[in-house]
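All remarks here apply to the structure that follows.
The values are calculated or read from the model by the stated rules, or taken from the named source; none is laboratory data. Computed from a predicted model, the values in this text were never measured in an experiment. Positions of Cβ are backbone-derived with ideal geometry, glycine not excepted, and every protein chain shown enters the neighbour counts.
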Amino acid sequence: MRGVRLLALLVALLVVGAVVLVLVERPELRDDRAAVDHRWTALRAPLQARYEKLAAAFDAFTFAGGADRSVAKDLRPALDRWDRLRRASDANADAAAEAATANRLEGLGARLRADILASDRLRAVTQLGDAITTYTGTTPPAAAVTAYRAAVDRYERARNATLRKPVAFVFGYDERPVLVIVS
């Protein structure tokens, strides 16, 4: 009988501890994630301008005969995904999906540039060279990128802290990617 009471007491303490943990840790996770989303909002317009330039470089690339290359086949769906995500208002933006797509576009933009520079034929197309130069020269403000990275770092540290990790998992506080601008 004494063992049953002790077990009931332990279970009650665990339940109370879990509730207190959620009540204490969840607001900070929510605030840190909101800070990441807020910092992302400042990057949406500059990234839209950058990816419009990438789309123009892609069009020049395909016009110059690069449509059969793997980078062209990978870039079109990524640009389309960005366009779909970007249609959401700032208040309804999916910052995590947009950041992941932006990183994908950055990698593909670097591949596109490398393909152009590696080909004598493509390098000779002035319009293509101008388009890729315009894309690489269109970058979001460094201060906004740095502020976003700092917010992501703070959120990820909070999300992965020992006591917050179970709360983050249960309540869906998923990771947020760091934006890497490739110039």
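Please verify whether Asp174 is acidic (Asp, Glu), over 30 Å from Gly65 (Cβ atoms) and surrounded by 13 or more Cβ atoms within 10 Å (Cβ to Cβ), treating the condition exactly as stated. For Asp174, the condition - acidic (Asp, Glu), over 30 Å from Gly65 (Cβ atoms) and surrounded by 13 or more Cβ atoms within 10 Å (Cβ to Cβ) - is not met.
When you look at Asp153, is it over 21 Å from the mean Cα position of the chain (by Cα), at pLDDT 95 or above, of a type in the set (Asp, Glu) and farther than 17 Å from Pro27 by Cβ, yes or no? Against the criterion (over 21 Å from the mean Cα position of the chain (by Cα), at pLDDT 95 or above, of a type in the set (Asp, Glu) and farther than 17 Å from Pro27 by Cβ), Asp153 does not qualify.
Are any of the residues in the range 83-91 among the charged types (D, E, K, R), in contact with a Leu (Cβ under 7 Å, 6 or more places away or on another chain) and not in a helix (DSSP H, G or I)?
No, the conditions are met nowhere in the range 83-91.
Looking at the range 112-152, which of its residues are farther than 29 Å from Arg33 by Cβ and among the charged types (D, E, K, R)?
Residues satisfying the conditions are Arg113, Asp115, Asp120, Arg121, Arg123, Asp130.
When the residues of the range 108-135 are filtered to those that are surrounded by 13 or more Cβ atoms within 10 Å (Cβ to Cβ) and not in a helix (DSSP H, G or I), the one that is farthest from the chain's Cα centre (by Cα) is Val125. Set side by side, the residues Leu85, Leu79 differ, and just one is modelled with pLDDT of 95 or more, within 19 Å of Thr139 (Cα to Cα) and not acidic (Asp, Glu), which is Leu79. Restricting Arg76, Arg44, Arg84 to residues that are among the basic types (Lys, Arg), more than 24 Å from Tyr173 (Cβ to Cβ) and within 16 Å of the chain's Cα centre (by Cα) narrows the list to Arg84. Among the conditions (1) among the β-branched types (Val, Ile, Thr); (2) over 20 Å from Glu52 (Cα atoms); (3) buried (at least 17 other Cβ atoms within 10 Å of the Cβ); (4) modelled with pLDDT of 95 or more, the only one that Val167 does not satisfy is (4).
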